[in-house]
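Novice: Quick one: structure below, then a few questions.
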Amino acid sequence: MLKFSGLVIWRLGSRSTLRKYSAPGATVFKAHKTEPSTNVTDRNVEGLVAAAFASLNSPEQDEKKKPSPKSVKQSRAQQLDSQIIRATDVESLLLAAENPVISRRHALKMVSVLSEWSSNNKVKLSDFEKDPRFLKLCRILARTPTGQTMSSLTMAEDLSTVLGITGDDEAARLIANLSLPQMIKVMKALQVKGRRSTPLLRALSYNITKQSEKIDLKKSADLLFSMAALNFPDPVLLDRICSDVVEILPENTDKPAVVNSILVSLGLLKYRHETVLLALTMWIQKYREICRPGDIASAVITLATVDYLPAQLGSLIEEALLLKEDELTKASSWLDLVFSLLILDKAREHHLVSTVKPEFIEKLLSAGEIPIPSRRKLMSIDAYIGLKFPSTTTRLAEDIAVGVPIVYTKEKALYVQSIMDTFRSLVSAETFLRKECQSGMGFLYDAEFVVDSKCHPVSLDKAANRKDVHRIAVLGLDYHDLTRKEFVPLGVNKLYSRLLQLKGYKVLEIPYTEFNPKDKLVTRVKYIENRLKEIISSTTKS
C-alpha cells in the first residue's frame, strides 16, 4: 500500500472498483491480485490520478458513481495551461502539444509563445516549423468551426474568431508573422465585430506600416473604412496608406467605387492630406463618365468636411451644382450635398431653398424622425437664406428647430471654461460679457462682448445702438473642431464663422493649438489681447 500526502491511497487488490471511504478525501483504487502491476499503464494512471483529484473537490457521492468526464477535462485543461506556462524551450512547449486535450485556445497560446520566441531570436523557425506537433497546432487553428459552411480559413481569419477567448496582448504577438493581406483581414474582422482592441490595433498599424509591399486601392479602402469605424486614426498608418494611394491611383482607370470609398473614409476621419485629396478628386473629375452622381456628391462632402477646395476642381464643383435631388438615393443625401456646397460657399439660392420646402421636409420625415445633426444643418441653411436672400419667402418650418439640443461635450466644456476664466481678466463684469450664446442658427458660440477701436470693453446695453464699436463673437476650437494632419478648422466651423460675420460680428477663433489652458494666466491673457488687436486692426484697414 502506497500513500501520497495522506490523501490518495493506491492499492493492488482483488477488485478494480472505485470506492470512497468514510474518511474525507480518502479514495482507494483496487486491482485484481492476479494482475501484475505493470498492466497499469501510464495513461491509465494519469486518468485515475486525474479522476481521483477531481473527486476531491466534489461532495461525497455513492461509491459506484464515477467522476464526471467534464470535471476530468477541466482538470486536464488546467494542467495543460500550467505546462504551457512552465515551458522554457521548444521541446518542452511542443511536448504539451502531445496532450489529447488541446483546445483552439491552447493551440493559439502555444503558437503565440513560439512566435514571440522567434521574434526575439530565442529560437529559429526551422527549429519547429516541420515538427509534427507544431503542424498539429496549425491544423487546429485552421479547422473550420462546427456549423460554419466555409471552404477554408486563413490563419488571420481564424485569429479574428478567437479574439473573444484569448488575451489581446497574446493575439497581438502573432501579428508580426502574418502577411499583409492577413493583417488587413484581421483589421476588417475587428471592424465587423466592433471591437476596438488598442493593443491589437497598434500591433496591426505598426506591422502594416513597416511592410515593403504596396497597399493596393482595395486594401487601402478596407483599412481606411475599418480605421474610421473603429475611430483609430493612427497618423503613421494613414500617411503610409495615402502615400501608396497616390502612387497606385494612376493605374486605376475603371473602378470609381474604390476611389469613392477612400474619399468617404478620409472625410469620416477628418484627415486633410491635401496631396491624396487632390489626386482622388482629380481622378473623379477625369473619369466623370463612369462615376455615379453619388460619387460626385461624396467627393464634395469630403472636401467640405476638411474645408479644402483647390482651384483645379472647378469642373467637379460644376458637375455637383448640376446634380438633381432625384439623382441621389435618399433625401438626406441631397441635404448633405447642399450643406456641403454651402460650406464651400458654392451653393446657389435654389439649392438652399429646395431643402427647406415643406415637401422636402416630408421626404425626410418619411424615413422617420429627422436626426438632430440634420435638423441643425437645416437651421444653418435657413439662417443663411434669411441673411443672404432676405426677399426669399420660402423658409424652414419653425417646429423643426424646436427641441434641438445644442450643448457642449464634456471636453469642449472644459476648454471653453478655461477661455472664460481668462476673459475675467479682460472683461470683469457680466454686463460686458455674455456666455454660451444660442445663435439660433444650429450652433452655440462661446461668448460675445463689445470693444471700441482701442480694444476697451463696452457695456452690451450701451453698445446696442452704437456704430463705432466692434461686436466680438468667441469660438473656441478644441481637438474635435480641427482637421487631422493639418490643424485647420473643420468646414462646418468655418461656416459658423461666416454666419456670425453676416450677423455683424467679428469672430475671434481660439484653437487649442494656440491656446493652452495650462499656460500661465498672463500668457493666456496676452494671447487674447494680441488676437483682438489683429481683428480690430484688420477691420480698420478694410
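Novice: I need the Debye-formula profile for region 332-478: one equal scatterer per C-alpha, no solvent, reported as log10 I(q)/I(0) at q = 0.17, 0.20 1/Å, two decimals.
Specialist: For region 332-478, the Cα-only Debye profile gives -1.02, -1.16.
Novice: Taking all protein chains in place and a 1.4 Å probe, what share, in percent, of the accessible surface of region 89-138 do carbon and sulfur account for?
Specialist: 54
Novice: Please give the per residue accessible area of region 324-451, computed with a probe of 1.4 Å over protein heavy atoms only, in Å².
Specialist: 51
Novice: Rounded to the nearest percent, how much of the accessible area of region 411-542 (1.4 Å probe, protein heavy atoms only) is carbon and sulfur?
Specialist: 50
Novice: With only alpha-carbon atoms counted, please give the Rg and Dmax of region 384-542, in Å.
Specialist: Final numbers for Rg and Dmax: 16.4, 52 Å.
Novice: Whole number in Å², please: accessible area per residue of region 164-286, 1.4 Å probe, ligands, DNA and RNA not counted. Mind showing how you got there, number by number?
Specialist: On the way: 5150 Å² over 123 residues.
Spelled out: the 1.4 Å probe surface of region 164-286, per residue, equals 42 Å².
Novice: Now a separate question. Excluding residues fewer than 8 places away in the same chain, name every one of the aspartates and glutamates whose C-alpha is closer than 19 Å to that of Lys410.
Specialist: Within the straight-line cut-off, Lys410 pairs with Asp421, Glu436, Asp446, Asp478, Asp481.
Novice: A further question on this structure: If I model region 197-284 as equal point scatterers sitting on the Cα atoms and use the Debye formula, what is log10 I(q)/I(0) at q = 0.12 Å⁻¹?
Specialist: -0.32
Novice: OK, next. Considering only protein heavy atoms and a probe of 1.4 Å, how much of the accessible area of region 326-396 is carbon and sulfur, as a whole percent? Each step should come with its number before you reach the end.
Specialist: Numbers: 1710 of 3450 Å².
The nonpolar share, carbon plus sulfur, comes to 50 percent.
Novice: Let me ask something else. What span do the alpha-carbon atoms of region 80-128 cover on each of the three principal axes, reported in whole Å from largest to smallest?
Specialist: Sorted from largest, the Cα extents of region 80-128 read 29, 17, 17 Å.
Novice: Count neighbours as other Cβ atoms within 10 Å of each site's Cβ, and list the chymotrypsin sites (Phe, Trp or Tyr not before Pro) in region 473-502 that are DSSP loop with at most 16 such neighbours.
Specialist: Working: sites: Tyr479, Phe487, Tyr496; in loops: Phe487.
Sites meeting the loop and neighbour criteria: Phe487.
Novice: Same structure, new question: Taking the radius of gyration and the Kirkwood hydrodynamic radius from Cα positions alone, what is the Rg/Rh ratio for region 292-348, to two decimal places?
Specialist: 0.92
The values are calculated or read from the model by the stated rules, or taken from the named source; none is laboratory data. Owing to the predicted nature of the structure, the values given are computational and were not obtained by experimental measurement. Glycine gets a Cβ as well: all are built from the backbone with ideal geometry, and neighbour counts include every protein chain shown. Accessible surface areas use protein heavy atoms only, side chains included; no ligands, DNA or RNA. Shrake-Rupley method; radii C 1.70, N 1.55, O 1.52, S 1.80 Å.
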